[in-house]
Every structure is written in structure tokens, then in C-alpha cells.
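Here the structure is laid out as C-alpha cells; the discussion comes afterwards.
The values are calculated or read from the model by the stated rules, or taken from the named source; none is laboratory data. None of these values were measured; they are calculated from a predicted model. Cβ sites come from the backbone with ideal geometry, for glycine too, and all protein chains shown count toward neighbours. Accessible surface is based on the protein model in full, side chains and every heavy atom, while ligands, DNA and RNA are left aside. Shrake-Rupley method; radii C 1.70, N 1.55, O 1.52, S 1.80 Å.
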Amino acid sequence: MTKDFAGQDDAYKYIIKTLNVRFFQRLGYDAQKVVFLNVEQIPIGPDQKFMDILARIDDEYKANIELQSTPVYDPKMLDFYKYRIYSQSEEFSGFKTTILATYPPTQGIVQKEMDDNLNFHPKFFYTKNLKATEIINKVKTKNDNNEPLSDAEAIDLIIAPDTDHEYDIKELMKITSNLLANAVIPDAEFHFKLVKCQRKMLQRFFNKDERKEIEKMINFKAEDYGIEPNVTGIEEEINLAYLDGQREAKFENAKKLIELGVDEEIIAKGIGLDLEDVMKLKEELND
């Protein structure tokens, strides 16, 4: 695992929620609309399992985007109850899981062979399968020719720090920031959101004073992107969208755990529901 994991985790959650449907499309989803649900909490003994991103896709199914994923990457993680939770998720009608993995493929997937009954088979998106030099050269060529970037090219530029490269990380961030500042991206709102995501990535590698010069390179003023200032409260919009459906998701989690035979008090405490609500839900399921 990398020392930057906490910052990386925070950055990717922000990027996924900010870029919304475009990032899901980059991960291979045929999505036209994405509505983020609350962070799902699954009680595991005294601990809790937090799904990284839970979203409803086109009102048809739910998608769980995990960053790394402990059950796949941790060789010491032998608690099969956790695997049962993931298996249950995978069997749940209309539920899909993708693991966004920034570590080399050789460091993962070994656990899938540990249990013959394990049916947790998520899709993987390996950032290390992308090469930073190829991303940079492609964007540079398009910038030089005044050609617009595709969504995938623009997003890959943002996640370049976690692709395969031998750059000094701070030099790489300066290069990608400069390319983003000069990129041709017809959708002004998308360009503005990409800039916000790049700024979040910069926070992983530079302190506040170091970032000043680079941030001058990337203009963060909404009006320069043709966007009205009153519609650029992206952080606030994301937080509101992410909490949308919170109660619904909690009750769905509770149903799943009731069916697994988990104690009602553990469910209530772990998910954050009143015990009375869990008891009533159990009665309804048994009717």
C-alpha cells in the first residue's frame, strides 16, 4: 500500500462524484444518468465496512465503486463473513461492482481463489495499465493542433499520477496542469470540473505554498469558463447528491443483513437506524 493512500482515497472520491456520469463511462459503464447514494455501511462484528461509492445508474441498477478493496488486496483478511457480504452484494439483482485499482495487478486478486464458494467477481479498472507518457504525448499533440480532447483523454490526464510512469511526481503534476490549462475542451462546465479535480490531485503532492504557482497556471474562476458563479458550488452539490437516498439505502442494507441472520441490535447500531425500525422491517419481511 502507498503512503499516500488517505489523500488518494479522498481525491478519487471527489473526482468520481465531481465528474459524475463521465467518470462512470470511463470505467466502462453504459451510463447516461448517475445519482449518488449515501456511503453504505455494513456492520462486521465490532467494525464497519464502508463502500467507497454507491450510485444508481439510469434508474435501472446500482453500481459500487471500490478504491482498492480490502477483501481482494489484503492477504491477511481471512474473515469469510466479509466475503459473504460481497457475495450477497454481487447476487443482489441489478448490483454491479467495479474496483478502481491504483496498485499493480500483481498485488491483488489472489483472494479470489481462497474460497471455492466465493462468487465475488468484480470488474477491475487498473490505472497502472495506462502509461503517463502516452497520455501526455497524445494530449500535447492535440493541444498543438488545437484539437478537442475526448472525455477519456481528459480524465486520464487527471489520474496520470497513478498510471505507469517514471516521472518525478511533482514534475508530472506541473506537466499535466499545464496541458490541462491549454487543452481544448468544448464543454466549459466539464473543463471547469476537470480543473477542480486537478486541484484536488495537487493537494496530494504539494503543500499550500507550493501549489500557488501551479494554481495560477490553471484558472479556477468560474466566469472564465463561461459558467455563472451561482452554479459552481460543486462541493455543496456533490454532498447533497451523495446524501440523496440515504434512508432508502440504509433500509436496503438492513434488509440484506436481516436475510443473512445478523442480530437486529448489530444492524441498528452499524447502519444507524432505530432498533424499532429494524424490528418492524424484520416483521414485514417475515409476513
(message) Every residue in region 184-223 that is outside any helix (DSSP H, G or I) and under 24 Å from the mean Cα position of the chain (by Cα), please.
(response) 185, 187, 206, 207, 218, 220
(request) Sort out which residues of region 183-212 are out of contact with any Lys or Arg (no Cβ under 9 Å at 6 or more places or on another chain) and more than 18 Å from residue 23 (Cα to Cα), and write them in order of number. (result) 204, 207, 208, 209, 212
(message) Would you confirm, using the coordinates I've provided, whether residue 239 is more than 25 Å from residue 161 (Cα to Cα) and either modelled with pLDDT of 60 or more or not hydroxyl-bearing (Ser, Thr, Tyr) (or both)?
(response) yes
(message) If I ask for residues that are touching a Pro at 6+ places or on another chain (Cβ under 9 Å) and either open to solvent by less than 10 Å² (accessible area, probe 1.4 Å) or of a type in the set (Val, Ile, Thr) (or both), which ones from region 159-182 would you list?
(response) 169, 172, 173, 176
(message) I want to confirm something. Restricting to region 196-232 and keeping residues that are modelled with pLDDT of 75 or more and polar (S, T, N, Q), which single residue is surrounded by the fewest Cβ atoms within 10 Å (Cβ to Cβ)?
(response) 207
(request) Of the numbered conditions (1) modelled with pLDDT under 95; (2) open to solvent by 70 Å² or more (accessible area, probe 1.4 Å), residue 126 fails exactly one; give the number of that condition. (result) (2)
(request) Could you check residue 156 against (1) more than 20 Å from residue 22 (Cα to Cα); (2) among the charged types (D, E, K, R); (3) surrounded by 17 or more Cβ atoms within 10 Å (Cβ to Cβ) and say which number it fails? (result) (1)
(request) Take the residues in region 256-272 that are open to solvent by 20 Å² or more (accessible area, probe 1.4 Å), touching a helix residue (DSSP H, G or I) at 6+ places or on another chain (Cβ under 7 Å) and without any contact (Cβ under 8 Å) to a residue 24 or more places away in the chain, then tell me which one is nearest to residue 95 (Cα to Cα). (result) 264
(message) If I filter region 93-123 down to residues being under 20 Å from residue 165 (Cα atoms), outside any strand (DSSP E or B) and open to solvent by less than 60 Å² (accessible area, probe 1.4 Å), which single residue comes out as modelled with the highest pLDDT?
(response) 102
